[in-house]
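The values are calculated or read from the model by the stated rules, or taken from the named source; none is laboratory data. No experiment lies behind these values; they were computed from the predicted model shown. A quick note on method: Cβ atoms are made from the backbone with ideal geometry, for glycine too, and the neighbour counts reach across all protein chains shown. What goes into the accessible areas is simple: the full protein's heavy atoms, side chains included, and nothing from ligands, DNA or RNA. Shrake-Rupley method; radii C 1.70, N 1.55, O 1.52, S 1.80 Å.
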Amino acid sequence: MRPWLFLLGPLAIWATHFMGVYGIASVADVVARPDDPAALIATGAFTLLCAAGAALMFVAARRLRSADETDRFVRSLSSLGAVVALVAIVWQGLPALVGH
């Protein structure tokens, strides 16, 4: 069960971020404007929270130590997944983080 957490955890954080940002933008579009400052702040805060989660998953994956080939493969693949998730999270939240 633990290898699956490391393998799918970062991608689950990315999916959560994607759905959360989409939800924030949808609610902001209905209630006010998509570029409303409250929506941008909420998106920026949610982006930073998810990016921190992906970074923590990367650190946790890199700390796995074992001589087993399978564990090293899980460590490498989960590290790659965490980096991909981190880049995707920052890319999706970049408009809110830069202010537009």
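Values as computed for the structure displayed
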read-out: For the chain, the spread of Cα positions along each principal axis, largest first, Å; value: 55, 23, 14
read-out: Heavy atoms of residue 41 accessible to a 1.4 Å probe, total area in Å² rounded to 10; value: 120 Å²
read-out: Mean residue ellipticity (222 nm) of the chain, computed from DSSP H runs ≥ 4 via -39,500 (n - 2.57), nearest 500; value: -31000 deg cm²/dmol
read-out: Relative contact order, percent, the range 26-100 [alpha-carbon distance under 8 Å, six or more residues apart]; value: 39 percent
read-out: Label-point separation in nm, residue 80 to residue 59, each point 7 Å along Cα→Cβ; value: 2.4 nm
read-out: Only Lys, Arg (+1) and Asp, Glu (-1) charged, at Cβ; the chain dipole about Cα centre in debye; value: 400 debye
read-out: Solvent-accessible area, 1.4 Å probe, carbon plus sulfur percent, for the chain; value: 74 percent
read-out: Span from the the range 65-92 Cα centroid across to the the range 17-38 one, whole angstrom; value: 30 Å
read-out: Derived scalar couplings ³J(HN,Hα) [the range 35-45; Karplus, 6.51 cos²θ - 1.76 cosθ + 1.60; whole Hz; x for Gly, Pro]; value: 9, 4, x, 5, 5, 5, 5, 5, 5, x, 5
read-out: Calculated from backbone phi, Karplus (6.51, -1.76, 1.60) coupling profile of the range 62-72 in Hz, x at Gly/Pro; value: 6, 7, 5, 10, 6, 8, 6, 4, 5, 5, 5
read-out: Calculated from backbone phi, Karplus (6.51, -1.76, 1.60) coupling profile of the range 6-16 in Hz, x at Gly/Pro; value: 6, 6, 9, x, x, 6, 5, 5, 4, 5, 4
read-out: Distribution of pairwise C-alpha distances over the range 44-99, 10 Å bins, in %; value: 26, 42, 21, 9, 2
